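The values are calculated or read from the model by the stated rules, or taken from the named source; none is laboratory data. Given the structure is predicted, the values throughout are model-derived calculations rather than measurements. Heads up, the Cβs are rebuilt from the backbone with ideal geometry, glycines too, and the neighbour counts pull from every protein chain shown. Accessible surface areas use protein heavy atoms only, side chains included; no ligands, DNA or RNA. Shrake-Rupley method; radii C 1.70, N 1.55, O 1.52, S 1.80 Å.
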Amino acid sequence: METRGDLASIIPFLPLVLRSSSLYWPSGALGSLKALALGPDVSRIRSGEVLFDAILDLRESLGLSFRPLAHGSASGFSSFFDKLMSKEDSRVWFDNVVPEMARLLLQLPSLLESHYLKSDELFSEGNSGIRIMGPQEPGRVFLSQELIAALLSCAMFCLFPTSDRGFRDLPIINFDNLFAPLYWDEKQHQVQKVKCIVHYFERITSKRPIGSVSFERKVLHVDNSDHGLAYSSTTYWRSSTTPLCSFEVFSEGLIEDQPYEAIEVDFANEYLGGGALGQGCVQEEIRFMINPELIVGMLFLPSMNANEAIEIVGAERFSSYSGYGHSFQFMGDYQDNKPFDSMGRRKTWIVAIDALCNPRMRQYEIEYLVRETIKALCGFFDQSKYKCRIELSETYPKHAKDVGSSESKKCNAEGTSVSESSSVRDFQGSIGIATGNWGCGAFGGDLEVKSMIQWLAASEGLRPFIHYYSFGVAAMQKLEEVTRWILQHGWTVSDLWSMLAEYCNQRLSSKTFNGFFDWLLPGN
């Protein structure tokens, strides 16, 4: 174990010690966890106040006491478990949930060791287990849901070392900042967020989950890609003959409730999770509360660069909710019935892409138009499908859509044969994109421009469709009309890009003050 590069990168950020090729809890912490696992008759922990004292003792045994927890977190724990939680729920929490979380923590060393052994069996030895996956380092990690439960128990008890996390551009991971706001202001949305997290632990301690979740840092090499495609060049976008994919608008419904096989877009912060473990409560933070397994990615995935995205496959949903922002409310249990793939992951694909924050007029500059399109493309891009498209275009420069012979054959995305007369669109898989007003709420982006950027990226990434959830925003009422008009005219990526670039140029030069939709449609 000592020679593993993956373990060496993550061990400074874990509360365990590595000795004689094995992982251990320090002896002081081990004794405290064993007492905690025996329940309140032994541990004497029956309140939030005493639980927090036990957390402080655990942190001291791990040498973490020199890094104080968030101001107000002690009172936050006490407020939630001793005042806001019902007596019956509190009894269940301290009698059953807390001891089972302690048992998960006692198993953390063995769960991690098993994880590394399994990673070696599936992938390259010594380099594919949980690790710090830094900027410009594409890669993927598979974690069992049981291991995730143990890691999140560690975060709940605030046991992760934090001293070097800022230096590595890693987001916060302990839950003290989640509870601290309850001290000075029991904001309902913050209470509801904690309820989601508490419900997750109630579920996984009553029945441990058995699936797996993968976390992938995706990197799009914009200037020197494997195929020599310079995505950062406007020439590339102006010359792309890729046809635009299908676009369907939903004025009602939520991305996470969509029933299709589609990548669900997380309107992310550059730091994965954004304010999920703080006071944030918009699209990304809500998703992390109802699918808490997403949080574990914050442990080992540093902030994203402009050409990076993070894709998470298999995260289970545990909570129902209503509202948004300050109106957010936990609405009880949610049973996730998504089917599993061959690797034990639920067929839930979530991709985190971060938009420009408060871009104002600079979002119309070509440099930033390219930046946003590349960011979305990185999240939507399907490498396996694109390889076949490249092979096709090298042989048939017009992307095969004008090839007349139906006798010849070429591989499709799955490696089987199809007619050369098939269009590029036939080479896509069935997994589309489910998205919405990305980068347009708190981040202040142009709704109309951002919707077109996502359409360009999904099309160039060879996805078969976009399902766009507009959340009933009045400004997007013309989106369906615009997309239908564009599709009726058979536009390609080049056509849409050229029009979007021209519109942005006119906005910058004050030649128009209309939105893109009114500017584009004839008669407006």
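Annotation for the range 230-245: no member residue is touching a residue at least 60 places away in the same chain (Cβ under 8 Å), within 19 Å of Met298 (Cβ to Cβ) and open to solvent by 50 Å² or more (accessible area, probe 1.4 Å).
Quick one: is Asp354 in contact with a helix residue (DSSP H, G or I) (Cβ under 8 Å, 6 or more places away or on another chain), of a type outside the set (A, V, I, L, M, F, W, C) and under 20 Å from Ile310 (Cβ atoms)? Yes; evaluated as a whole, the condition is true for this residue. Of the numbered criteria (1) open to solvent by less than 50 Å² (accessible area, probe 1.4 Å); (2) more than 33 Å from the chain's Cα centre (by Cα), the one Val42 fails is (1). Please indicate, with yes or no, whether at least one residue in the range 12-35 is among the β-branched types (Val, Ile, Thr), under 29 Å from the mean Cα position of the chain (by Cα) and within 29 Å of Arg168 (Cα to Cα). No: the range 12-35 contains no residue that is among the β-branched types (Val, Ile, Thr), under 29 Å from the mean Cα position of the chain (by Cα) and within 29 Å of Arg168 (Cα to Cα). Annotation note: of Phe66, Phe77, the sole residue that is farther than 24 Å from Arg208 by Cβ and open to solvent by less than 10 Å² (accessible area, probe 1.4 Å) is Phe77. Restricting attention to the range 157-191, the residues being at positive phi and buried (at least 17 other Cβ atoms within 10 Å of the Cβ) number 1.
The condition of being open to solvent by 10 Å² or more (accessible area, probe 1.4 Å) and over 19 Å from Ala37 (Cβ atoms) does not hold for Ser110. Within the range 204-322, which strands (runs of 3 or more DSSP E) (wholly inside it) include 1 or more residues that are in contact with a Ser or Thr (Cβ under 9 Å, 6 or more places away or on another chain) and farther than 28 Å from Arg371 by Cα? Because the criterion is at least 1 residues that are in contact with a Ser or Thr (Cβ under 9 Å, 6 or more places away or on another chain) and farther than 28 Å from Arg371 by Cα, the strands (runs of 3 or more DSSP E) in the range 204-322 that meet it are 212-219. Taken over the range 485-516, the criterion of being within 31 Å of the chain's Cα centre (by Cα) and within 30 Å of Tyr324 (Cα to Cα) is satisfied by Gly515, Phe516. When Leu152, Leu159, Leu178 are checked against the criterion of being in contact with a Pro (Cβ under 7 Å, 6 or more places away or on another chain) and farther than 30 Å from Asn307 by Cβ, Leu159 stands alone in meeting it.
So if I check each of Val50, Val92, which one is open to solvent by 30 Å² or more (accessible area, probe 1.4 Å), among the aliphatic types (A, V, I, L, M) and touching an Asp or Glu at 6+ places or on another chain (Cβ under 9 Å)? After ruling out the rest, the residue left standing is Val92. Candidates in the range 324-340 are the residues that are without any contact (Cβ under 8 Å) to a residue 24 or more places away in the chain and in a loop (DSSP other than H, G, I, E, B); of these, the one that is surrounded by the most Cβ atoms within 10 Å (Cβ to Cβ) is Lys338. Only helices (runs of 4 or more DSSP H) whose full extent lies in the range 73-188 are considered here, and the ones with at least 2 residues that are small (Gly, Ala, Ser) and modelled with pLDDT of 95 or more are 73-79, 98-122, 145-156. Residues that are among the polar types (S, T, N, Q) and touching a residue at least 60 places away in the same chain (Cβ under 8 Å) within the range 139-173 comprise Ser144, Gln145, Thr162, Ser163, listed in sequence order.
Just to be sure, is Leu277 out of contact with any Leu (no Cβ under 6 Å at 6 or more places or on another chain), modelled with pLDDT of 95 or more and either open to solvent by less than 10 Å² (accessible area, probe 1.4 Å) or over 28 Å from Gln329 (Cβ atoms) (or both)? No; evaluated as a whole, the condition is false for this residue.
Somewhere in the range 254-272, is a residue out of contact with any Asp or Glu (no Cβ under 7 Å at 6 or more places or on another chain), surrounded by 15 or more Cβ atoms within 10 Å (Cβ to Cβ) and of a type in the set (Gly, Ala, Ser)? Yes: the range 254-272 contains one or more residues that are out of contact with any Asp or Glu (no Cβ under 7 Å at 6 or more places or on another chain), surrounded by 15 or more Cβ atoms within 10 Å (Cβ to Cβ) and of a type in the set (Gly, Ala, Ser). Candidates are the residues of the range 342-379 that are surrounded by 15 or more Cβ atoms within 10 Å (Cβ to Cβ) and among the acidic types (Asp, Glu); the one that is farthest from the chain's Cα centre (by Cα) is Glu365.
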